[in-house]
Amino acid sequence: MATVLVRYGEIALKGKNRGLFEQQLQRNLKGTLRDFSVSVIRHHGRFTLYCSDQHLPMVLEKLRRVFGLVSFSPVYETELDFEEIKKIAFSIANDQCSHQLTFKVLARRSNKNFPYTSPEINQLLGTYLQQRLPELKVSLDHPGFTLFIEIGYEKAYIYLERIPGPGGLPVGITGSSLLLLSGGIDSPVAGWLALKRGLNLEALHFHSFPYTGKKSIEKVRELSRKLALYGHKIPLHQIQVTKIQEELHRVCPEELGIILLRRMMLRLAERLSTQRAVSTLITGENLGQVASQTLESIDVIGRATTRLILRPLIGFDKLEITNLAKQINTYKTSILPYDDCCTLFVPSSPVTKPKLAVVEKFEAQVDQELLLEEAFATLKTTIIHN
């Protein structure tokens with residue numbers, strides 16, 4: 001049986017609500033690891049997971065994508081007995097001697113009833129190991145290996161490595177949001193950042209069949225699958241906006257096309273969020289990256305809905321967004337050369353400082369309600385599992 005010690009960070013600062021955050025993280029851990037018969041035990045400031053040795057590599061890989069975790073370690077667990085701790089420490093150090101000849105001991109004592117302080121544990125255990133293994137030398141600055149000791153309230157844990165987690169808050173603790181998911185680089189990264197802040201995600205993709213084909217839909221499904229790896233499941237909603245685009249292109253000035261289309265998209269997103277009881281919308285908008293992302297354009301587009309719109313990427317530059325996309329493994333999918341609806345009817349000189357009154361004047365020339373009803377009737381939903 002393998003044991004993994006799991007640590008969280010920001011959750012510890014939540015005061016009276018800390019228990020709610022811990023419970024959500026515990027539920028998420030159980031859900032993520034449900035296929036591996038893992039026991040998840042909650043302690044003061046820590047979780048311990050118990051799984052079979054066979055499943056340990058897969059469990060560790062899954063934990064890398066559980067938001068709320070700052071780090072985790074495969075550990076040896078023992079009673080709060082210093083002699084037992086010494087025996088396990090010797091066994092580990094003896095194994096390491098074959099390829100590492102310098103070490104240090106780094107103890108952390110949460111349980112103040114334990115008879116030795118952290119510095120005393122470091123000194124006593126280091127001296128003991130040097131006496132038993134004279135070839136080992138202490139190196140505080142550049143050790144070949146570090147022997148970590150954690151003294152908890154019920155058990156002691158001994159281990160060699162801390163594997164970084166993704167940080168953030170447990171998914172689901174801050175509510176739910178609807179991500180407007182295109183096939184580009186930005187919106188999947190915005191969705192990932194929202195998951196990191198504890199939001200459950202649903203995704204909405206607009207397509208323009210037959211101008212956009214099945215490959216563009218599969219591309220968005222694949223992006224949803226990659227995001228679902230960090231949550232549990234993501235309902236992916238698809239709405240066809242072909243008629244809306246054609247009508248706007250026929251009636252309205254070309255330079256306002258993207259502004260008008262995105263306002264219609266927000267109205268559709270608002271309808272869907274009402275139906276799904278989701279309180280906020282998320283977009284991949286970034287300030288100044290393209291013509292429709294000037295302050296004036298963002299303002300005019302956003303006024304089409306009363307829903308709160310979250311824009312996690314608003315202060316990022318393109319290189320930062322691209323690097324994040326590569327980190328979360330969405331970049332290669334996002335750059336596949338399949339058009340989405342926003343690449344159709346692109347004006348040669350889009351307006352950068354639209355006026356709301358002008359935009360509303362041209363919107364009044366189309367039958368908005370009919371167009372929205374017809375588009376919303378094309379709604380299809382697929383549940384994307386992790």
In region 142-160, what count of residues is obtained for those that are assigned to a loop (DSSP other than H, G, I, E, B) and either of a type in the set (A, V, I, L, M) or not assigned by TED's automatic domain parsing to the domain that holds Glu61 (or both)?
1
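Rundown of residues vs (1) more than 18 Å from Leu195 (Cα to Cα); (2) in contact with a Gly (Cβ under 6 Å, 6 or more places away or on another chain); (3) not in a loop (DSSP other than H, G, I, E, B), yes/no style:
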{"residue": "Leu281", "(1), (2), (3)": "no, no, yes"}
{"residue": "Gly288", "(1), (2), (3)": "yes, no, no"}
{"residue": "Ile309", "(1), (2), (3)": "no, yes, yes"}
{"residue": "Ile314", "(1), (2), (3)": "no, no, no"}
Filtering region 7-38 down to residues that are within 15 Å of Lys62 (Cβ to Cβ) and in contact with a helix residue (DSSP H, G or I) (Cβ under 7 Å, 6 or more places away or on another chain), which residue is surrounded by the fewest Cβ atoms within 10 Å (Cβ to Cβ)?
Phe36
Report, by residue number, each residue of region 292-307 that is part of a helix (DSSP H, G or I), exposed (fewer than 15 other Cβ atoms within 10 Å of the Cβ) and polar (S, T, N, Q).
none
Answer yes or no as to whether Pro134 is at pLDDT below 95 and not acidic (Asp, Glu).
yes
If the Cβ limit is 6 Å and pairs must be 6+ apart or interchain, which residue in region 288-314 that is assigned by TED's automatic domain parsing to the domain that holds Lys361 pairs with which residue that is part of a strand (DSSP E or B)?
Gly302/Ile309; Arg307/Leu281; Leu308/Thr280; Ile309/Leu281; Leu310/Thr280; Leu310/Ile282
Going through region 71-92 one residue at a time, which ones are closer than 18 Å to Gly144 by Cα and out of contact with any Lys or Arg (no Cβ under 7 Å at 6 or more places or on another chain)?
Ala89, Ser91, Ile92
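Is it the case, given these coordinates, that Ser279 is under 17 Å from Gly183 (Cβ atoms), at pLDDT below 95 and in the same structural domain as Gln368 (by TED's automatic domain parsing)?
Numbers: under 17 Å from Gly183 (Cβ atoms): no; at pLDDT below 95: yes; in the same structural domain as Gln368 (by TED's automatic domain parsing): yes.
Criteria not met by Ser279.
Give the residue, chosen from Glu22, Glu61, that is part of a helix (DSSP H, G or I) and either without any contact (Cβ under 8 Å) to a residue 12 or more places away in the chain or not assigned by TED's automatic domain parsing to the domain that holds Pro74 (or both). I'd like the intermediate steps shown before the answer.
On the way: Glu22 fails: either without any contact (Cβ under 8 Å) to a residue 12 or more places away in the chain or not assigned by TED's automatic domain parsing to the domain that holds Pro74 (or both).
Sole residue among the options that is part of a helix (DSSP H, G or I) and either without any contact (Cβ under 8 Å) to a residue 12 or more places away in the chain or not assigned by TED's automatic domain parsing to the domain that holds Pro74 (or both): Glu61.
Can you tell me which residues in region 145-166 are in contact with a helix residue (DSSP H, G or I) (Cβ under 7 Å, 6 or more places away or on another chain) and either more than 25 Å from Ile85 (Cβ to Cβ) or at pLDDT below 95 (or both)? Lay out the reasoning, then the answer.
Of the residues in region 145-166, the ones in contact with a helix residue (DSSP H, G or I) (Cβ under 7 Å, 6 or more places away or on another chain) are 145, 147, 149, 156, 158, 160, 163, 165-166.
Within region 145-166, Gly165, Pro166 qualify.
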Checking Lys219 against (1) part of a helix (DSSP H, G or I); (2) within 17 Å of the chain's Cα centre (by Cα), the condition it does not meet:
(2)
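The values are calculated or read from the model by the stated rules, or taken from the named source; none is laboratory data. Everything numeric in this text was worked out from a predicted model, so none of it was measured. Note: ideal-geometry Cβ built from the backbone for every residue, glycine included; neighbour counts use all protein chains shown.
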